[in-house]
1. Which condition breaks for residue 249 when tested against (1) outside any loop (DSSP other than H, G, I, E, B); (2) at pLDDT below 95?
2. Being within 12 Å of the ligand (Cβ to nearest atom) and within 13 Å of the chain's Cα centre (by Cα) is the filter; apply it to the range 234-250 and report the residue that is nearest to residue 81 (Cα to Cα).
3. Considering only the range 210-220, I want to know if a residue exists there that is within 10 Å of the ligand (Cβ to nearest atom), part of a strand (DSSP E or B) and touching a residue at least 24 places away in the same chain (Cβ under 8 Å).
4. Can you tell me how many residues within the range 77-95 are farther than 18 Å from residue 241 by Cα, more than 17 Å from the chain's Cα centre (by Cα) and either assigned to a loop (DSSP other than H, G, I, E, B) or β-branched (Val, Ile, Thr) (or both)?
5. Any idea which of 245, 199, 175 is in contact with a Lys or Arg (Cβ under 8 Å, 6 or more places away or on another chain), of a type outside the set (S, T, N, Q) and either surrounded by fewer than 20 Cβ atoms within 10 Å (Cβ to Cβ) or touching a residue at least 24 places away in the same chain (Cβ under 8 Å) (or both)?
6. Quick one: how many residues across the range 221-233 are within 14 Å of the ligand (Cβ to nearest atom) and assigned to a loop (DSSP other than H, G, I, E, B)?
7. Out of the range 177-207, which residues are assigned to a strand (DSSP E or B), within 11 Å of the ligand (Cβ to nearest atom) and aliphatic (A, V, I, L, M)?
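The values are calculated or read from the model by the stated rules, or taken from the named source; none is laboratory data. All of these numbers come straight from a predicted model, not from anything done at the bench. All Cβ positions, even for glycine, are placed from backbone atoms using ideal geometry, and neighbour counts span all protein chains on display.
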Amino acid sequence: VIPTIDLEEVISDKTLNQKIREASERWGCFRVMNHGVSLSLMSEMKKTIMDLFERPHEVKVRNTDVLLGIGYRAPYDINPYYETFGLYDMASPQAVDTFCDQLDASADQREIMVKYAKSTDGLAKDLARRLAESYGLAETDFFKGWPSQLRINKYHFKPEAVGKLGFHLHTDSGFLTILQADENVGGLEAMDNASGKFFPISPMPNTLAIILGDMATIWSNGRLCNVKHRVQCNEATERFSIASFLLGPTTDMEPPSEFVDAEHPRLYKP
Ligand code: AKG
């Protein structure tokens, strides 16, 4: 159901921005193709993260961060098939370096991670700018200085997990997520806000999934949909995904004045 938007389609910026806005308001998610994250980089990144998950437990737990819940997490009660690493402030090469030091990553793996983080962070900001342009806002680089987070996920789908949840239903807390879902193994499902029904976001080669989060809803004074989504285990196999989150301001979020008027009263208090 959700649209696939070709970011290199030969149409005006205005038309392209409009498509992005419509999908973000209606669904809160869409796919992008010709998105500028090179396909070789996507596959190198996948190989890199698969390798990182092979590290011994005592190495994995070195991935901690000052912010609670940002680092490594082994499978736990709510999500017993889910394992994850986190890298806060992924656009900072130093932060990537620290992450790579913690996990004994090779020089090649470091280079791939730095390139990938830069590329997805750039795409997220480009989409955010296009959203601002679609609304005719005066300030289109409102996300300047916002940190990003990288989260890399492995799902250990055993036979007993089939039919169960791999990751619980949630919205993303940041502004916008670029998701490189597993290119072979499905399971990601999003909720249609209009009907409450779930629909699959199935693997589609060479595309990335875009997911709007809570910050986007607050920023737009309720116009953009922070889509609810979850991961379902459909088959007993391993599944990997890479999520790049453009988070939000480090201070309070305030919608731009263009979003607030008599017809659209302020919905959220900072
Ligand atoms: C998240 O990281 O917020 C997810 O929902 C992961 C989705 C996926 O693994 O495909």
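1. (1)
2. 241
3. Yes; the residues of the range 210-220 include at least one that is within 10 Å of the ligand (Cβ to nearest atom), part of a strand (DSSP E or B) and touching a residue at least 24 places away in the same chain (Cβ under 8 Å).
4. Total satisfying the criteria: 3.
5. None of the others qualify; the one that does is 245.
6. Total meeting the criteria: 4.
7. Listed by number, the residues that qualify are 178, 179, 188, 190.
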